[in-house]
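Encoded as structure tokens, the structure appears first; notes follow it.
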């Protein structure tokens, strides 16, 4: 009598096992049915998203594509950086598209509008176009968050006057095939032109750099004008070559200024330049007399 309940327990356990097997078999059959349905169903063409459609239209240069881009970003502010990247892609593809001046100007004007204070301003945007070929680039007065134009090639004049760059800016190894005008631009972090090649003039008059400045290994064929520039952090010109005049009239170096192995082939003017720490000219060469 003590074990009279044992058969009932065994029966209940067997019933539970049977139910579990039935559930597993049902799930297995469902998966097989779903797999068969997917294999036999007709192919469905995925509908492009709104962003993909806008991107395609902009890259194709479709009429009013830039207006549709702005309308899309107005509804999706998180797409602002993507839109800036897209506009830069259009600018950097200008050579491949036969230098369409009208389209390039329209795209550049739209980019400037979004990078300049005023209606439609998108603050904090990064300019990312490393290795790009850019034609007659003009971003004067813009306020980007950061700049990466490493190895970029600039055809025609590059006008980057009176910009305010709130993050790091690098033009390292870039090639300016005409003049580079960065007069009165404010860099709130580092400004890097290491190894840059400037075929024309390098206009850095009145530039202000809060971080480190580097023109180490740079090559300037024309005039290098840093008159009135304020370089707060360390300034490194090591190994640079200045083929024309090098003007540092009234330039303020807030930290070390290194001109080791620099070749000044033209007239060099350091009149009233101020150096807050150490100025080094080890193995520097001067082609002409230096006024002081």
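Bear in mind that the values in this text are calculations on the coordinates, not laboratory data. Quick caveat, the model's predicted, so the values are computed rather than measured. As a convention, Cβ positions derive from the backbone with ideal geometry for all residues, glycine included, and neighbour counts pool all protein chains shown.
Approximating the spin labels as points 7 Å out from Cα along Cα→Cβ, the residue 68-to-residue 49 distance works out to 1.7 nm.
Convex hull volume of the C-alpha atoms in region 127-292, normalised per residue: 73 Å³. Projected label points at residue 177 and residue 56, each 7 Å from Cα along the beta carbon direction, are separated by 3.3 nanometres. Within region 247-269, whose backbone N sits under 17 Å from a point 7 Å along Cα→Cβ of residue 278? Correct set: 253-262.
Summarising the label geometry, the points placed 7 Å from Cα in the beta-carbon direction at residue 166 and residue 249 lie 3.6 nm from one another.
Taking the centroid of alpha carbons for each part, region 179-207 and region 236-285 are 15 Å apart. Please label the shape of region 50-123 as rounded, prolate or oblate, based on the square roots a ≥ b ≥ c of the eigenvalues of the alpha-carbon gyration tensor (a/c under 1.5 means rounded; beyond that, a/b larger than b/c means prolate, else oblate). The shape class here is oblate.
In percent, what relative contact order does region 127-292 have, based on Cα pairs under 8 Å that are 6 or more apart in sequence?
Over region 127-292, the number comes to 13 percent.
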